[in-house]
Structures are given as structure tokens and as C-alpha cells.
Amino acid sequence: MTDATDLLSRARAGDGDAFRELVEPHRRELQVHCYRMLGSIQDAEDALQDTLLTAWQGLTGFEERASLRTWLYRVATNRCLNARRSAGRRPAKQWDIPGVEPPEPTRLGEVVWLEPYPDTLLEGVTDVPLGPAARYEQIESISLAFVTALQTLPPRQLAVLILRDVLGFHAGEVAEMLDSTLESVNSALKRARAGLERRRPPAAGREPAPAPASPAEDAIVAKFVRAYESADLDAVVALLTDDVFISMPPIPFEYQGRDMAARFCAGLFDAGRRFDLVPTRANGQPAFGAYLRTAGDVRRGIGLIVIALTGDRISAMIRFENSVLPWFGLPRSIPG
């Protein structure tokens, strides 16, 4: 009797420790799957817990026609679909930065519930072997631009695209997971691919981002930190691409283009606000805890900034609320 078979038998008999040992190797990749489905780390953690509870309660129904990993993905996908259909998403939030009057936004964003995902939780996940149908690199498929585009797809199309193109499951496996037909899965995938391409930033002519933690990436990050901390607007703007994109969920304001980005950053700096940036990583991209300098001895965490890179320029800046800082091991305040 193999170890896995023994664990499964003990878990089916009610041994909670055996169940935990059985599912632990899949826990992180299941959380990332839930995050891609839901776009929020908090929602993903809730869905993961729901998945594990459902799997524990329904383990006797696992018929071993597929692997345990595939069965867990089936449970997780359907838990996330239920969450997408029934959950009250975080509502859009009003502008709440005192003393700063924002410029008129280019547009209002749809995915105001988006949250960043800490790179520390990706360790080991991006090394998991993918199925033959996978079309996306693991790091690309966790980027904020990709996850944002996913959120605009209808729930069933979203599930099919992630299972087929991101994880590489066969169409037959996906049909089984979703209690669907092969024809329905293939049709949903075709529509999802078309919808995703309409939403994603055009890649033509774009230089690839430098490798994570490479000297090229480190150089851009260092320039950005120096410019931002010193409120050097010209230096910040010089680092941006012509079509740079700024967003700040759950505030729906979005700004497109270097001129709009310059006006937005000028509003922050002209109000006399100065910041310290503490480096971290989110969604495979450079990120920073942003701390507002105050007159006292404490600098208050006001959010997390994630930047996307194209060659030696910044193509996107996404600012999140300070509620996400604990996920990155960052404090709510630091000494002044």
C-alpha cells in the first residue's frame, strides 16, 4: 500500500491529520488558482478554506477516476464559481486623500475589488509542471494586468480559460470538472480567448520586462525610489512609457498616458506629501509599501504601489490600500 493510498484511506476514515498531509502539497497552487478566479487575496483565502472543508466533507465521493490534484481543482473551481455568482464584491470607493484634488480620470475602472498577491506565496507554485494545453508562462499568468483582464470575463469562460490555457488541463478533464460537454468547453474557451485579447494591453512593439531581481530591474527600481521619495516629478515622469497606466482600486479612477500620469503625481507631490518606499514584490512585479512622512516620529503606511515594467520604463503603477500591507509582512507604520 503506497503512502498516498494509506493517507487517503485514513482520511476517509476521519483522520484529519491524514487529510491535511494529503492536501498540503496542493494548498498553495489552489490558493493561486482561487486568486486568479476571484482577483482578491482575501476572497481567494476564503475560497481555499471553503474548498478544503468541502473536500474533507466529500472525500468519500472521490472516486479516483482522476488524480487527487485534479479533483481538488474541480472542487476549488466550483467553489470560486459559486463565489463569483453570489458574492457582494467590494464596492467602488470615493476619493479619500485629504488635501489632494485629483485630475479628471481617463476612465472609471470595472475591477475595483482587485488586490495584489505576495510573491512569497508564489514560491514553489510557479515550478509546478503544467499540462500540455498551457499557453501562458506562470509568471505572466499572475501579473496584475492578466488577473485584471480575467476578472472581466463571464464566470464560466473565466474558469475554462484558466483550467485550459493557464493550467493546461485537457478539454475532457475540464468538461468533467464543470459537469459540462466537450463542445461547450471548447466554445467557452474560444469566447474567453477573444474576450481576454480585447482587454489585455497590446503586446506588439513592447519590450519585455527585465528578469526579476536582475541588475536591469534593480536599476529601474532604484531610480523610481529615488525620484518618488524626493518628489522629483520630472524624474518620475522620465521613467514612464508614453502609454503608462495608473489605477488605485477600490477607487475606480484610472489614468492613461504620460501627461495624465504627470498631472496625477503632481497633485500628490504639490500637496506637500512625501513618502518612504519599502520594497517588496507582488504578482511577480516590483512593489513598495508607501509610508507617508508626518511631523511626528511615525510614518504611516498609506498603501502598496506595484509597478509593471517594459524594457527600462514603467508601463503601469497600481496603488492599493494599506489593508493589504499585512499580507506582505509590512507594518502599518514605521519609525520616522
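The values are calculated or read from the model by the stated rules, or taken from the named source; none is laboratory data. The structure displayed is predicted, hence computed values, not measured ones. So basically every Cβ, Gly included, is an ideal-geometry build from the backbone, and we count neighbours across all protein chains shown.
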Report summary line: Taking the range 127-147 and keeping only residues that are touching a helix residue (DSSP H, G or I) at 6+ places or on another chain (Cβ under 8 Å) and closer than 19 Å to A211 by Cβ, one is left with Y136, Q138, I139, E140, S141, I142, F146
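Yes or no, residue by residue, for (1) under 25 Å from S323 (Cβ atoms); (2) over 18 Å from the mean Cα position of the chain (by Cα); (3) crowded, with 21+ Cβ neighbours inside 10 Å:
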{"site": "H33", "(1), (2), (3)": "yes, no, yes"}
{"site": "D43", "(1), (2), (3)": "yes, no, yes"}
{"site": "D50", "(1), (2), (3)": "yes, yes, no"}
{"site": "G58", "(1), (2), (3)": "no, yes, no"}
{"site": "E63", "(1), (2), (3)": "no, yes, no"}
{"site": "C80", "(1), (2), (3)": "yes, no, yes"}
{"site": "R89", "(1), (2), (3)": "yes, no, no"}
{"site": "R107", "(1), (2), (3)": "yes, yes, no"}
{"site": "T120", "(1), (2), (3)": "yes, no, no"}
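In the range 194-214, how many residues are modelled with pLDDT of 85 or more and either among the β-branched types (V, I, T) or touching a strand residue (DSSP E or B) at 6+ places or on another chain (Cβ under 8 Å) (or both)?
5
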Query raised in the report: Of all the strands (runs of 3 or more DSSP E) wholly in the range 251-336, which have at least 2 residues that are in the same structural domain as R226 (by TED's automatic domain parsing) and buried (at least 18 other Cβ atoms within 10 Å of the Cβ)?
Result: 251-256, 275-282, 285-292, 298-310, 313-320
Query raised in the report: Does G124 satisfy the criteria of being modelled with pLDDT under 85, farther than 28 Å from H26 by Cβ and not acidic (D, E)?
Result: no
Query raised in the report: Just wondering, is there one or more residues in the range 253-271 that are in contact (Cβ under 8 Å) with a residue 60 or more places away in the chain and touching a Leu at 6+ places or on another chain (Cβ under 6 Å)?
Result: no
Report task. May I ask you to list the residues in the range 5-24 that are in a helix (DSSP H, G or I) and without any contact (Cβ under 8 Å) to a residue 24 or more places away in the chain? Result -> T5, D6, L7, S9, R10, D17, A18, R20, E21, E24
